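Presented below is the structure to which this report refers.
The values are calculated or read from the model by the stated rules, or taken from the named source; none is laboratory data. Owing to the predicted nature of the structure, the values given are computational and were not obtained by experimental measurement. Here the Cβ is made from the backbone with ideal geometry for all residues, glycine too, and neighbour counts use every protein chain on show.
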Amino acid sequence: MIKESLIEPALVHQLIPQKKPFVMVSALYEINEEMVLTGFKIAEGNILNQESYFSEAGLLENMAQSIALQKGYLDYLANVKIIELGFIGAIKTAHIHRIPKIGEEIFTRVHLIQEFMGIKLSKVEVQDAAGNIIASAEIKTAIAPSS
């Protein structure tokens, strides 16, 4: 799965609320209101690595940040300047099929299932470069109320 990111990594980092060293997305490949496809190259020294692998927590954080990047980029296109903080409300039916190694690039596809009053339910799949599913989950997210 060789693709070119729609935006530079620096802009990816600006469009999500997480900051280094806790950034788990590095590329944006496809996006619309219903779906997003992101990429992440697992680097040596990542805070969520365990030995020579990316951890289960890293995979789940990558999924959540992919959801955040979709909202952040669509807001950016709409000229919304504030990056809103979101929260995971629930993780349902999470399956980890294998743990990726350091140096691999993973590709995360998010499909919106349902949205109601600022709460989103998304189906998320993480794949390797060959298109094999590494992990999947249904994740419910909510945007924090503005103060």
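When you check E104 against the structure, is it farther than 30 Å from E44 by Cβ and either touching a helix residue (DSSP H, G or I) at 6+ places or on another chain (Cβ under 8 Å) or of a type in the set (D, E) (or both), yes or no? Steps first, answer last, please.
Details: farther than 30 Å from E44 by Cβ: no; either touching a helix residue (DSSP H, G or I) at 6+ places or on another chain (Cβ under 8 Å) or of a type in the set (D, E) (or both): yes.
Spelling it out, it is not the case that E104 is farther than 30 Å from E44 by Cβ and either touching a helix residue (DSSP H, G or I) at 6+ places or on another chain (Cβ under 8 Å) or of a type in the set (D, E) (or both).
Given I139, I88, I99, which one is of a type outside the set (S, T, Y), surrounded by 12 or more Cβ atoms within 10 Å (Cβ to Cβ) and assigned to a loop (DSSP other than H, G, I, E, B)? Step through it out loud before you land on a result.
Details: I139 fails: assigned to a loop (DSSP other than H, G, I, E, B); I88 fails: assigned to a loop (DSSP other than H, G, I, E, B).
The match here is I99.
Given the options L74, L85, L60, name the one that is within 12 Å of Q18 (Cβ to Cβ), out of contact with any His (no Cβ under 9 Å at 6 or more places or on another chain) and either in contact (Cβ under 8 Å) with a residue 24 or more places away in the chain or aliphatic (A, V, I, L, M) (or both). Quick ask: steps written out before the conclusion?
Working: L74 fails: within 12 Å of Q18 (Cβ to Cβ); L60 fails: within 12 Å of Q18 (Cβ to Cβ).
None of the other options fit; the residue is L85.
Right, Q50: surrounded by fewer than 20 Cβ atoms within 10 Å (Cβ to Cβ) and within 12 Å of the chain's Cα centre (by Cα) or not?
On the way: surrounded by fewer than 20 Cβ atoms within 10 Å (Cβ to Cβ): yes; within 12 Å of the chain's Cα centre (by Cα): no.
Here the answer is no, as Q50 does not meet what is asked.
Out of curiosity, is M63 modelled with pLDDT of 95 or more, hydrophobic (A, V, I, L, M, F, W, C), surrounded by fewer than 18 Cβ atoms within 10 Å (Cβ to Cβ) and under 14 Å from the mean Cα position of the chain (by Cα)?
Judged against the criteria, M63 is not a match.
Name the one entry in V23, V80 that is in a loop (DSSP other than H, G, I, E, B) and crowded, with 18+ Cβ neighbours inside 10 Å.
On the way: V80 fails: crowded, with 18+ Cβ neighbours inside 10 Å.
V23 is the lone residue from the list that is in a loop (DSSP other than H, G, I, E, B) and crowded, with 18+ Cβ neighbours inside 10 Å.
When you check E44 against the structure, is it more than 11 Å from the chain's Cα centre (by Cα), in a strand (DSSP E or B) and farther than 18 Å from S136 by Cα, yes or no? Steps first, please.
Details: more than 11 Å from the chain's Cα centre (by Cα): yes; in a strand (DSSP E or B): no; farther than 18 Å from S136 by Cα: yes.
No.
Residues being farther than 14 Å from E61 by Cα and either crowded, with 16+ Cβ neighbours inside 10 Å or polar (S, T, N, Q) (or both): count how many of those fall in segment 106-119.
At the first step, the residues of segment 106-119 found to be farther than 14 Å from E61 by Cα are 111-119.
Subsequent filtering for residues that are either crowded, with 16+ Cβ neighbours inside 10 Å or polar (S, T, N, Q) (or both) retains 112, 114.
Of the residues in segment 106-119, 2 are farther than 14 Å from E61 by Cα and either crowded, with 16+ Cβ neighbours inside 10 Å or polar (S, T, N, Q) (or both).
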